[in-house]
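Everything below concerns the one structure shown next.
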């Protein structure tokens, strides 16, 4: 987590922001296996495009700091997330606490049938840039939604093929 305020900074970042995005996928696998694949943080690099994910503090469980660095040409976006809740095999909550990306996020697994699980990825980002950020969000949101959905679909395929976790 960046910033000298520590816990106060995390509490501020944990407040839901106005930039809300959700993606959902059905995975033909039991919730326990799907959850294990979601929380294999460093393996997220295999299904989130242009992104390298690593645990920089802790063991990947509650209290850990996870960093996702997305690189597209010369552009680099660093996303720092504090894992704030782990409830296997149902839910993991994070707080994006970096300089640019801030706000809570949750990954939920809901067992539908014996070997089918619904995954919901939901984020509530604080929009940077004040008024300009709020004006730009309706233009940026569809791309965010499509990108998140495509990543989850790839995740689902990898789990179903036995390549994750």
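The values are calculated or read from the model by the stated rules, or taken from the named source; none is laboratory data. Predicted model, so just to flag it, every value in this text is computed and none were measured. Neighbour counts are summed over all protein chains in view; Cβ atoms, including those assigned to glycine, are modelled from backbone coordinates with ideal geometry.
Worth a mention:
- In the range 106-114, the condition of being at pLDDT below 95, out of contact with any helix residue (DSSP H, G or I) (no Cβ under 7 Å at 6 or more places or on another chain) and under 18 Å from residue 25 (Cα atoms) is met by at least one residue.
- Just one of the numbered conditions (1) more than 18 Å from residue 149 (Cα to Cα); (2) at pLDDT 95 or above is not true of residue 78: (2).
- Residue check, residue 67 exposed (fewer than 15 other Cβ atoms within 10 Å of the Cβ) and either at pLDDT 95 or above or part of a loop (DSSP other than H, G, I, E, B) (or both): no
- Taking the range 10-23 as the range and being assigned to a strand (DSSP E or B) and either crowded, with 18+ Cβ neighbours inside 10 Å or in contact with a helix residue (DSSP H, G or I) (Cβ under 7 Å, 6 or more places away or on another chain) (or both) as the test, the residues that pass are 19, 21, 23.
- There is at least one residue in the range 136-159 that is in contact with a strand residue (DSSP E or B) (Cβ under 6 Å, 6 or more places away or on another chain), over 20 Å from residue 67 (Cα atoms) and at pLDDT below 90.
- Scanning the range 40-92 for residues that are free of Cβ contacts under 8 Å to residues at least 12 places away in the same chain and either closer than 24 Å to residue 157 by Cβ or touching a helix residue (DSSP H, G or I) at 6+ places or on another chain (Cβ under 8 Å) (or both) yields one hit, 45.
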